[in-house]
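Reviewing the structure listed below.
The values are calculated or read from the model by the stated rules, or taken from the named source; none is laboratory data. Being a predicted model, the structure only gives us computed values, none of them experimental. Every residue, glycine among them, receives a Cβ derived from its backbone with ideal geometry; neighbour counts consider all protein chains shown. Each accessible area value is taken on the protein alone, full model and side chains, heavy atoms only, with ligands, DNA and RNA left out. Shrake-Rupley method; radii C 1.70, N 1.55, O 1.52, S 1.80 Å.
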Amino acid sequence: MATILGCIADDFTGATDLAGLLARAGVHVTLRLGLPEAPPQDTAPFEVIALKCRTAPVSDAVAECRAALDWLRAAGANRFFWKYCSTFDSTADGNIGPVAEALMDDLGADQTIYCPAFPENGRSIFMGNLFVGQQPLAESPMKDHPLTPMRDSNLMRLLEPQVTRPVGLADRLTVAGGKAALGDRLAALKADGVAHVVVDAVANDDLGTIAAACRDMVLMTGGSAVAMPLPALYRQDGLLGADAPALQTPNLPAGAVVLSGSCSAMTNDQVAAYRLHGPALQLNPLDLAETGPAAALDWLAAQPLDSAPMIYATAPPDDVRAVQDTLGGARAGALVEAALAALALAAFDAGRRRFVVAGGETSGAVAQALGLSRLDIGTEIAPGVPWTFATVKGEDVAVALKSGNFGDQDFFATALARLEA
Ligand code: ADP
């Protein structure tokens, strides 16, 4: 079916988050990992392209996003969403503003909004200032981010140096006045030539008002939360039929594998909890450096095919530090990622079709090994982590990709059980 909303996200986990929130409305959402090589085919009403351009040079980010826009337009979309982080992660030069302005130019749009608010996750905007929990952005831990330190909390001041056209504000008092009041404010700003409008939102209801007022804008920009009401609004508007096909979940054989390369505190708890459930094997990067993954591959091959074994490199911080002191952080990471990628492929070749993967980088390595480029979004396992479905060498598979601290202690077992529901 032709695409209604085409979304471009500046990183992979942000794209998954957006795709999961849109899919909550029971609509078919497809996530593309990187710019698709082939022209659009078999597209979903909601398409999300995950790029990796948050900190790329401005000209590269702009070129990639424009290519993604072209693809989404070819898929039939005539509304677009530019998704960035809810902490407005950007440098003095970009890439949030330059990409938005380039997309506006290509689309002939003379105004867009900026709303990274995500009240459920403690991101709110008041008088154009972004708060993380109770702290202004520039006083939050984001002030020390290694790549995008945020040293100002005022979104207008952050945006101005990134764009060429005027920046303005639609504040909370206007948003609280409802959809019509916000629409009037946007029209007045447009008449004054204001192309870039930061919109305040401190509560979920504000996002509903903003989405309702802006749903016909050709380009909206923001965090994932302001996009969440769009599917329901499109249904109301008749753009999306009540009978629009939901995702057909494939029937999959029982065999699963849990692969964990994240060393976050939550993943350590999740691994400990899942060890009580089924067969588990710990990878030691020092052994991998000596003998590679052969022993782990043998162990996996010996597990019954209808079981759900876990293989993990997950370790507490002291162990990770000790390994890194010996091997170097990059080498240790690369060894673990390569081993888990090889295990994923071996699991697939043996007939396992259900994959639970923990770790952002680890997920990238596994996705690459399996050759994943298109994921259809299924049920949500935990906030921000949906089951996804894909085809590998012509076979249906289910893949749950979880980064860092997502999910609760029972995430792995919950994920596998959710697939049965
Ligand atoms: P997260 O989403 O929690 O950041 P990632 O997969 O992105 O997880 O990053 C974890 C990194 O740590 C990966 O590069 C992984 O290969 C590496 N790693 C995993 N286990 C170990 C370990 N025991 N020692 C050293 N590095 C490890």
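Selection of region 5-35 for residues being open to solvent by 10 Å² or more (accessible area, probe 1.4 Å), out of contact with any helix residue (DSSP H, G or I) (no Cβ under 6 Å at 6 or more places or on another chain) and in a loop (DSSP other than H, G, I, E, B) yields Asp11, Arg24, Gly26, His28, Gly34.
Suppose the filter is away from the ligand (no atom under 16 Å from the Cβ), surrounded by fewer than 17 Cβ atoms within 10 Å (Cβ to Cβ) and under 24 Å from Ala350 (Cα atoms); does Ala256 pass it? Steps first, please.
Working: away from the ligand (no atom under 16 Å from the Cβ): yes; surrounded by fewer than 17 Cβ atoms within 10 Å (Cβ to Cβ): no; under 24 Å from Ala350 (Cα atoms): yes.
Answer is no for this residue.
This table checks each residue for (1) closer than 12 Å to Leu259 by Cα; (2) open to solvent by 60 Å² or more (accessible area, probe 1.4 Å).
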residue	(1), (2)
Thr291	no, yes
Ala294	no, no
Leu297	no, no
Ala313	yes, no
Arg321	no, yes
Asp325	no, yes
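Consider Gly261 carefully, then state whether it is within 9 Å of the ligand (Cβ to nearest atom) and either closer than 16 Å to Phe355 by Cβ or open to solvent by 10 Å² or more (accessible area, probe 1.4 Å) (or both). The answer is yes for Gly261.
Evaluating Glu337 against the criteria (1) within 16 Å of the ligand (Cβ to nearest atom); (2) open to solvent by less than 50 Å² (accessible area, probe 1.4 Å) leaves one unmet condition, (2). Please verify whether Ala347 is of a type in the set (A, V, I, L, M), open to solvent by less than 10 Å² (accessible area, probe 1.4 Å), assigned by TED's automatic domain parsing to the domain that holds Tyr274 and part of a strand (DSSP E or B), treating the condition exactly as stated. In short, no. Here Asp306 fulfils each of the conditions (1) open to solvent by less than 60 Å² (accessible area, probe 1.4 Å); (2) outside any helix (DSSP H, G or I) apart from (1).
Condition check: in a loop (DSSP other than H, G, I, E, B), closer than 22 Å to Asp10 by Cα and among the hydrophobic types (A, V, I, L, M, F, W, C). Does Met150 satisfy that?
When the stated conditions are applied, Met150 passes them.
Remark: pairs (first residue in region 195-208, modelled with pLDDT of 95 or more; second residue surrounded by 24 or more Cβ atoms within 10 Å (Cβ to Cβ) and part of a loop (DSSP other than H, G, I, E, B); Cβ separation under 6 Å; 6+ apart in sequence or on different chains) = Ala201/Ala117.
Scanning region 28-45 for residues that are under 19 Å from Pro383 (Cα atoms) and touching a strand residue (DSSP E or B) at 6+ places or on another chain (Cβ under 6 Å) yields Val29, Thr30, Leu31. Pairs meeting the criteria (first residue in region 345-370 and on the phi > 0 side of the Ramachandran plot and in contact (Cβ under 8 Å) with a residue 40 or more places away in the chain, second residue more than 8 Å from the ligand (Cβ to nearest atom) and open to solvent by 10 Å² or more (accessible area, probe 1.4 Å), beta carbons under 7 Å, at least 6 apart or on different chains) are Gly351/Pro253; Gly351/Leu305.
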